[in-house]
Amino acid sequence: MSSELTIAMPKGRIFEEAYQMLIEAGFKLPEEVEMSRKLMIEIPEENIRFILAKPMDVPVYVEHGVADIGIAGKDVLMEQQRNVHELLDLKISKCHIASAGLPNTEMDEIAPRIATKYPNIAMNYYKGIGEQVEIIELNGSVELAPMIGLADRIVDIVSTGRTLKENGLVEYEHIADVSSRLIANPVSYRMKNERIQEIVSRLKKVVK
Ligand code: PRP
């Protein structure tokens, strides 16, 4: 029998869609798993073990090889630039990264402040358009920053647009499209290639 494969999955909103996709691809998985608080789930029938991590941490587990493969958002991959192989665009959890701020406002001319959970993406974007900015790194509720005068703009994920709308903000620039990707540890990809390729081809068939 082949050796066990460890898959790092993001907890939270991406989990449900990713898990359903694995079921559609024919993996025999229990229906109820998302209800539990367990962080490690063994699926002996498939010789698979899931570890459930914060979305930002999935590439960390995969890069260090404690997970062979994982599902990570393109936003996280762009931000972290880790040594992992990107195998497949699963085309789920689609959203985009944008800059946003209060309506009809210009950015401060001298070192405008940008609040974000994505300091590298934000820095690269503004560097690319020749703007020198000061990045203010936050861990969440980024939309607060322009409202209370902490920043001129935010750089954040926009999905339905509801968070921006409900906080009186508007989108200024579309920075990048985001969806979830299947990633692999480079060593696992070599050592467990057949097994990983099989998962890729099963998932490919259910990508919409
Ligand atoms: C994300 C993102 C936005 C929101 C966008 O936050 O940072 O705030 O979702 O979604 P929407 O366009 O559908 O409203 P998340 O829910 O992950 O919480 P956070 O603020 O704690 O990061």
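Values in this text are rule-based calculations from the coordinates and carry no lab data. Small disclaimer: the values here were computed from a predicted structure and weren't measured. Note: ideal-geometry Cβ built from the backbone for every residue, glycine included; neighbour counts use all protein chains shown.
Sequence gap of 8 or more, or different chains, plus Cα separation below 21 Å: how many lysine pairs satisfy both in region 1-123?
17
For region 132-170 and region 64-110, what is the separation of their Cα centres, given in Å?
Spelled out, the Cα-based centre of one part sits 16 Å from the other.
Suppose every Lys and Arg Cβ carries +1 and every Asp and Glu Cβ carries -1, with no other charges. What dipole size does region 95-178 come out with about its Cα centre, to the nearest 20 debye? It would help to have the intermediate numbers written out before the result.
Numbers: 6 positive and 13 negative charges, 46 e Å.
Here region 95-178 has a charge dipole of around 220 debye.
Taking only Cα atoms, what is the 0 to 90° angle, nearest 10, from helix 13-24's long axis to the longest principal axis of the chain?
30
Looking at the chain, send over the antiparallel percent of its DSSP beta bridges, to the nearest 5. Present the calculation step by step, with values, prior to reporting the outcome.
On the way: 25 of 40 bridges.
For the chain, the DSSP antiparallel bridge percentage is about 60.
Leaving out same-chain residues fewer than 8 places away, which aspartates and glutamates sit with a Cα under 19 Å from that of K208?
The qualifying aspartates and glutamates are E16, E17, E24, E86, D89, D177, E198.
Spin-label point model (7 Å from Cα, Cβ direction): what's the M123 to E109 distance in nm?
Distance between label points: 2.7 nm.
Expressed as a rounded percentage, what relative contact order does the chain have, with Cα pairs under 8 Å and six or more residues apart?
Numbers: 389 pairs, mean separation 58.6, N = 208.
So the answer I get is 28 percent.
Please order E131, E45 by the number of other Cβ within 10 Å, starting at the fewest.
On the way: E131 13, E45 10.
The order, fewest Cβ neighbours first, is E45, E131.
Given points 7 Å out from each Cα along the Cα-Cβ axis, report the I23 to L144 separation in nanometres with one decimal.
3.6
Label A176 and Q132 with points 7 Å out from Cα along Cα→Cβ: what is the distance between them in nm?
Going by the 7 Å Cα→Cβ label model, 2.5 nm.
Dipole size in debye (nearest 20) for the chain around its Cα centre, Lys and Arg Cβ +1, Asp and Glu Cβ -1?
Values: 25 positive and 32 negative charges, 128 e Å.
Computed charge dipole of the chain: roughly 620 debye.
List the residues, sorted by chain then number, that are 5 or more residues from K11 or on another chain and whose placed amide H is less than 5 Å from its amide H.
A53, K54
Considering the dipole of region 27-121 built from charges on the beta carbon (Lys and Arg +1, Asp and Glu -1) around the Cα centre, which of H85, I121, V66 is farthest to its positive end?
V66
Could you order the peptides 167-173, 96-102, 56-62 from most to least packed, using the average number of other C-beta atoms within 10 Å per residue?
Numbers: 167-173: 15.4, 96-102: 20.3, 56-62: 22.9.
Packing order, densest peptide first, comes out as 56-62, 96-102, 167-173.
Which value does Rg/Rh take for region 95-178 over its C-alpha atoms, Rh per Kirkwood? Write down the numbers at each step before the final one.
Details: Rg = 11.4 Å, Rh = 12.5 Å.
Reported Rg/Rh, Kirkwood definition of Rh: 0.91.
Could you tell me the relative contact order of region 95-178? Use alpha-carbon pairs under 8 Å, at least six residues apart, and round to a whole percent.
Details: 162 pairs, mean separation 42.5, N = 84.
So the answer I get is 51 percent.
What 222 nm value per residue comes from the helices of the chain, counting each DSSP H run with n ≥ 4 as -39,500 (n - 2.57) and dividing by all residues, nearest 500 deg cm²/dmol?
Numbers: 8 runs with 62 residues, N = 208.
-8000 deg cm²/dmol, from helical runs alone.
Which one, L5, I157, G168, projects farthest toward the positive side of the charge dipole computed for the chain from Cβ point charges (K/R +1, D/E -1)?
About the Cα centre, the residue reaching furthest to the positive side is L5.
Which length gain, in nm to one decimal place, applies between K205 and E45 when the Cα-Cα distance is subtracted from 0.36 nm times their residue separation? Walk me through the numbers on the way to the answer.
Numbers: separation 160, 0.36 × 160 = 57.60 nm, distance 2.15 nm.
Contour length minus the Cα-Cα distance gives 55.5 nm.
Neighbour counts of other C-beta atoms within 10 Å: give me T116, T160 arranged from fewest to most. Working shown, then result.
Details: T116 24, T160 8.
The most exposed by this proxy come first: T160, T116.
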